[in-house]
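Contents: one structure, followed by commentary.
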Amino acid sequence: MIRSAWGSTIGKKVVMAVTGFIMLGFLVLHLYGHLKIFFGLHDYNHYSHWLRTIGEPALHYGWFLWVLRVVLILSVIGHGVSAYQLSRRDIKARPSKYVHKKPRASYATRTMRWGGVILGLYVVWHILDLTTGTVHSGGFEEGHPYENLVDTFSVWWNNVIYIVAMLALGLHVRHGLWSAAQTLGIG
C-alpha cells in the first residue's frame, strides 16, 4: 500500500505537503528561538545551551538536536525527491511548452523549483556559517552563538545572502501552503 501510494502523483504530493509542514513547524520554532537575540547575549546563549539539554536525563546532552536533525534531513530528502519526481512527471506529460503561459500562475508558483534549489543551497550555507563555522566570515567561536550571529550580520554580503534567502523562503512558503492545503483537502 505504501509503495503504491508513493508511486502515485497524489502520494508524492502528500509526502511534499507533510514534509513541508514538518519543515514549516521547525522554521516557526527556529524563528521563535532566534527572537531571543533581542533579549541579549545571556538569554540567547542560554537558549542555545537549553536546546542541547532537552530531554535530560532520559536523553544525553545534544541527543534531542540529533533526533531533530534526522527528522529534518529525512523531511528535506522526502520533499526534494517528491518535488524532483513530480517535476519530471510534469515535463514528461507535456514535453512541449504551452503557447500561452497560464495567466493565473503567480510569481511564487513560477519560481517554486528554483526557490527550492536556492533554499537548499542556503540551508547548507547557513549550517556551514553558524553551526560548524566553516564559511563564517569572522572569528567563529564554538559555544558562542550570540557573538557568531552578530559577527555574521556585521558583514554586508552576509546580509544580502540572508535577505535573498528569506525572500525565496517567503515565496516558497506562500505557494507551498496553498498547494499543501489543496492536496490535503484543507482549503
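For the pair the stretch 30-82 / the stretch 166-187, the C-alpha centres are spaced 24 Å from each other.
Counting only aspartates and glutamates at least 8 places from LYS92 when in the same chain, there are none with an alpha carbon closer than 17 Å to its own. Neighbours of THR183, meaning other residues whose beta-carbon lies under 14 angstrom from its beta-carbon, give a summed charge of +2 when Lys and Arg score +1 and Asp and Glu score -1.
For the chain, the 222 nm mean residue ellipticity estimated from helices alone, with every DSSP H stretch of n ≥ 4 adding -39500 (n - 2.57) and the total spread over all residues, rounds to -24500 deg cm²/dmol. Relative to the longest principal axis of the Cα atoms of the chain, the long axis of helix 41-53 lies at roughly 70 degrees.
Each value in this text was obtained by applying a stated rule to the coordinates, not by laboratory testing. Since the model is a prediction, treat every value here as computed from it, not as a measurement. A quick note on method: Cβ atoms are made from the backbone with ideal geometry, for glycine too, and the neighbour counts reach across all protein chains shown.
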